[in-house]
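Each remark here refers to the structure printed beneath this line.
What follows is calculated from the coordinates using simple rules that are stated; it is not laboratory data. Just so it is clear, the model here is predicted, and its values are computed rather than measured. We place every Cβ from the backbone using ideal geometry, glycine too, and count neighbours over all the protein chains shown.
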């Protein structure tokens, strides 16, 4: 996959044990819906949850949702992959606790795009091989599990330091392997719109393409943050107009120098608006 893959601002989780919510999730306005067979499903309910997904997929449109499978170390992993192979409605596979290229390769063999979730110390240390594996569309960050793995105290300066360090690595490995912009993790307090907007603004400015979310009310906040501002879009269009008018890759606009990287940034901003 390349950075030309469809941009994702929001990806909304819905538990596979709640089939009555599947259609509601698809109608919530998120850029993608992820039906979850992993954390949202008790061990004793895995088979029934898989059956719910299979039944829904029979009537769902092709490539209409993503599926988060159970991680490669679990006894449910292979059955989850078999489900993915059978269902055209499943557009891609989210692989939790990804820790090696071999795990990615096994999922990619199903023939659908893979979105690895980096959420363990082993996964972070294996980022180079994971990001370089074939079949990956984009990376995502599961920082709640990561903090548990590293005994990091949430909502502290120390946690912010660690998580931003890992975010930087995810961004660099994504760019180096021409993957689509990664997704940041879920913001667990879905009643805190201000806190969500602050974090979304930070990761947007870092270079993330969007965020995972756990409640429909988070979708609008995330979309507002990741939508380019009207002033920014206006600037980008003027840059492109001037570049076309002058047939030049270096000129002045509003007293500032514009060259090839600036023109490319303007193209990406206009393209992002066109997609949405």
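A few points about this structure:
- Summary value for region 192-242: 39 percent relative contact order, contacts being C-alpha pairs under 8 angstrom separated by 6+ residues.
- Potential extension, residue 201-residue 259 segment - 0.36 nm per residue separation minus Cα distance: 18.3 nm
- Protection proxy ranking, peptides 185-195, 81-91, average beta carbon neighbours within 10 Å, highest first: 81-91, 185-195
- Cα centroid separation - region 227-250 against region 62-96, whole Å: 41 Å
- Peptides 208-218, 261-271, 156-166, 65-75, ordered by how many other C-beta atoms sit within 10 Å of their residues on average, highest first, read 208-218, 65-75, 261-271, 156-166.
- Under the criterion of Cα pairs below 8 Å and six or more residues apart, the relative contact order for the chain equals 17 percent.
- Nearest-ten-degree value, helix 77-86 long axis tilted from longest Cα axis of the chain: 70 degrees
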